[in-house]
Amino acid sequence: MKTNKEHKSPFRNLLVTGGCGFIGSNFIRCLIKNNDFSGRIINVDKLTYAGNPENLSDIAAAFPSRYIFQKVDICDAAGLEDVFSRYDIDAVCHFAAESHVDRSIKTPGDFIQTNIVGTFNLLECAKARGDKFKIFHHVSTDEVYGSLGADGLFREDTPYHPNSPYSASKAASDHLVRAYYKTFGLPATISNCSNNYGPYQFPEKLIPLIVLNALEGKQLPVYGDGKNVRDWLYVEDHCEAIWTIMTSGKSGETYNVGGKAEMENIIIVQMICDILDEIQPAKDGKPRRGLITFVKDRPGHDRRYAIDFTKLNKELGWSPRESFKSGLRKTVEWYLNQKKWVENIKTGAYQAWITEQYGS
Ligand code: NAD
Ligand code: DAU
């Protein structure tokens, strides 16, 4: 992870929220090994179904004085205030969220609480730090812009048009962050990123779901006609973009982050089938493409996302390193090699461990 400026430990006590999730755990792993950062990371996570402390067990063991985990719900304002003062927090990188669109259609209430009220609580704590506080970075999504037709790209000045409870809650939290910058002068940046993929992604999202279903010979559900388009970014590239913005970005600004890798869902599913057939052919010898099943479409399903990240590239020098082809192969191989991790998620073993450690 590099930045385009020389920075020596710009923050002493960085609060990362949602650090036991997919992107947060990748971010912490990258950052703690980054020569530009010698401070402490305080990871605050509620450990929902998507938060897995196993994602960072190696980091917890190797860096006991620089990595601190606190099981706290960001909706618990008093719990957060305690963490901010106890660890003298001077910066925040805010990942914690309910992140799955399908769940937001079934149980929107959790999204309102965590994504909006939780973000508000964090902003209040950051504001209370006064001049000590250096930066609040909010990790957001391209879904706030809504859906594109066949042409065009999301730019930072594209009007917000969220279509799902998830994207509406993220849009609300973006607005709160911007309001705290404008009204209270809180130093803050926002990134709006496209679809991430890579190690440690919870297998409810398209890529890991398809990999694991295909390995078990289960149906591969493709919503609608399979021609919805997403712009895919390897997770470590996203982490590098976030760090670049936190250390070199301009307070009050928003930066779009994307992979320049637009793909139809059906093409991705076919690619995964072909990679698996090559590395680990099915026991019955049949091509896995035969498992593809078109299912009922997601309500309000956005048709196409595509990102223009010219601002981040021109102003801060960031661009993605990983190609979709090599990144997807690496990701499939990672899941093939993580049998224990997958088993623990499937059997709920890690959830049982959380209950034993922390109570329900
Ligand atoms: P994830 O679902 O894998 O992880 C979310 C983490 O937040 C989990 O560890 C969970 O336990 C924690 N969490 C949830 N509610 C909490 C609460 N009330 N208090 C404390 N912790 C809580 O999500 P992800 O895919 O890693 O996404 C992280 C962030 O990045 C989210 O804000 C999401 O909106 C944003 N984002 C994700 C993507 C993507 O493709 N995954 C793309 C752009 C932006
Ligand atoms: O664009 C950024 C967003 O990307 C993030 O903000 C969200 O947190 C993240 O979950 C992701 O949202 P998507 O809805 O795009 O991701 P998901 O993996 O759920 O779906 C990707 C595409 O695949 C989408 O068009 C729906 C489709 N899909 C998904 C699943 C789970 C299927 O066809 N079948 C499936 O089983």
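Of the residues screened, Asn115 is one that is within 23 Å of Phe84 (Cα to Cα), within 12 Å of ligand 2 (Cβ to nearest atom) and in a helix (DSSP H, G or I).
Considering (1) open to solvent by less than 40 Å² (accessible area, probe 1.4 Å); (2) assigned to a loop (DSSP other than H, G, I, E, B); (3) away from ligand 1 (no atom under 16 Å from the Cβ); (4) closer than 26 Å to Thr141 by Cα, the lone condition that Pro299 does not fulfil carries the number (1).
The residues of segment 182-205 that are buried (at least 16 other Cβ atoms within 10 Å of the Cβ) and within 10 Å of ligand 1 (Cβ to nearest atom), listed by number, are Ser191, Asn192, Cys193, Ser194, Asn195, Asn196, Tyr197, Gly198, Tyr200, Gln201, Phe202, Lys205. Has segment 76-91 got at least one residue that is farther than 19 Å from Asn121 by Cβ and touching a helix residue (DSSP H, G or I) at 6+ places or on another chain (Cβ under 9 Å)? Within segment 76-91, not a single residue is farther than 19 Å from Asn121 by Cβ and touching a helix residue (DSSP H, G or I) at 6+ places or on another chain (Cβ under 9 Å).
Quickly run through segment 217-236 and pick out the residues that are open to solvent by less than 10 Å² (accessible area, probe 1.4 Å) and under 16 Å from Tyr305 (Cβ atoms).
Within segment 217-236, Gly226, Asn228, Asp231, Leu233 qualify.
Across segment 319-329, a minimum of one residue is classified as within 19 Å of Phe154 (Cα to Cα), open to solvent by 10 Å² or more (accessible area, probe 1.4 Å) and touching a residue at least 12 places away in the same chain (Cβ under 8 Å). The residue of segment 207-216 that is nearest to ligand 1 (Cβ to nearest atom), among those that are surrounded by 21 or more Cβ atoms within 10 Å (Cβ to Cβ) and hydrophobic (A, V, I, L, M, F, W, C), is Ile207.
Of all residues in segment 195-208 being in a helix (DSSP H, G or I) and closer than 21 Å to Ser167 by Cα, which is farthest from ligand 2 (Cβ to nearest atom)? Show your work before the answer.
Pass one, segment 195-208, residues in a helix (DSSP H, G or I): 206-208.
Subsequent filtering for residues that are closer than 21 Å to Ser167 by Cα retains 206-207.
Working: Leu206: 4, Ile207: 7 Å.
Among residues in segment 195-208 that are in a helix (DSSP H, G or I) and closer than 21 Å to Ser167 by Cα, the one farthest from ligand 2 (Cβ to nearest atom) is Ile207.
Of all residues in segment 17-46, how many are within 13 Å of ligand 1 (Cβ to nearest atom) and either part of a helix (DSSP H, G or I) or open to solvent by 10 Å² or more (accessible area, probe 1.4 Å) (or both)? Count: 12.
Scanning segment 242-287 for residues that are touching a Gly at 6+ places or on another chain (Cβ under 8 Å) and within 16 Å of ligand 2 (Cβ to nearest atom) yields a total of 5. Each residue in segment 247-268 was checked for being open to solvent by 10 Å² or more (accessible area, probe 1.4 Å) and farther than 26 Å from Trp334 by Cβ, and 8 pass.
I'd like to know if segment 169-181 contains one or more residues that are outside any helix (DSSP H, G or I), open to solvent by 20 Å² or more (accessible area, probe 1.4 Å) and either closer than 30 Å to Ile267 by Cβ or in contact with a strand residue (DSSP E or B) (Cβ under 9 Å, 6 or more places away or on another chain) (or both). Step through it out loud before you land on a result.
Filtering segment 169-181 down to residues outside any helix (DSSP H, G or I) leaves none.
Checking segment 169-181: not a single residue is outside any helix (DSSP H, G or I), open to solvent by 20 Å² or more (accessible area, probe 1.4 Å) and either closer than 30 Å to Ile267 by Cβ or in contact with a strand residue (DSSP E or B) (Cβ under 9 Å, 6 or more places away or on another chain) (or both).
From Asp58, Asp73, Asp82, Asp88, which residue is of a type in the set (D, E, K, R), part of a loop (DSSP other than H, G, I, E, B) and away from ligand 1 (no atom under 11 Å from the Cβ)?
On the way: Asp58 fails: part of a loop (DSSP other than H, G, I, E, B); Asp73 fails: away from ligand 1 (no atom under 11 Å from the Cβ); Asp82 fails: part of a loop (DSSP other than H, G, I, E, B).
Of Asp58, Asp73, Asp82, Asp88, the one residue that is of a type in the set (D, E, K, R), part of a loop (DSSP other than H, G, I, E, B) and away from ligand 1 (no atom under 11 Å from the Cβ) is Asp88.
Name the residue that is most open to solvent (accessible area, probe 1.4 Å), counting only residues in segment 93-111 that are small (Gly, Ala, Ser) and assigned to a helix (DSSP H, G or I).
Step one: of segment 93-111, the residues small (Gly, Ala, Ser) are 96-97, 99, 104, 109.
Next, from what is left, pick out any that are assigned to a helix (DSSP H, G or I): 104, 109.
On the way: Ser104: 0, Gly109: 44 Å².
Among those that are small (Gly, Ala, Ser) and assigned to a helix (DSSP H, G or I), it is Gly109.
Here Ala172 fulfils each of the conditions (1) away from ligand 1 (no atom under 15 Å from the Cβ); (2) of a type outside the set (Phe, Trp, Tyr); (3) at negative phi apart from (1).
Summed over segment 86-133, residues that are among the small types (Gly, Ala, Ser), free of Cβ contacts under 8 Å to residues at least 60 places away in the same chain and more than 20 Å from Tyr180 (Cα to Cα) total 1. Taking residues in segment 177-199 that are closer than 14 Å to Glu322 by Cα, and partners anywhere that are among the polar types (S, T, N, Q) and within 10 Å of ligand 1 (Cβ to nearest atom), the pairs with Cβ atoms closer than 8 Å and at least 6 places apart or on different chains are Gly198/Asn26; Pro199/Asn26.
The values are calculated or read from the model by the stated rules, or taken from the named source; none is laboratory data. Since the model is a prediction, treat every value here as computed from it, not as a measurement. All Cβ positions, even for glycine, are placed from backbone atoms using ideal geometry, and neighbour counts span all protein chains on display. Each accessible area value is taken on the protein alone, full model and side chains, heavy atoms only, with ligands, DNA and RNA left out. Shrake-Rupley method; radii C 1.70, N 1.55, O 1.52, S 1.80 Å.
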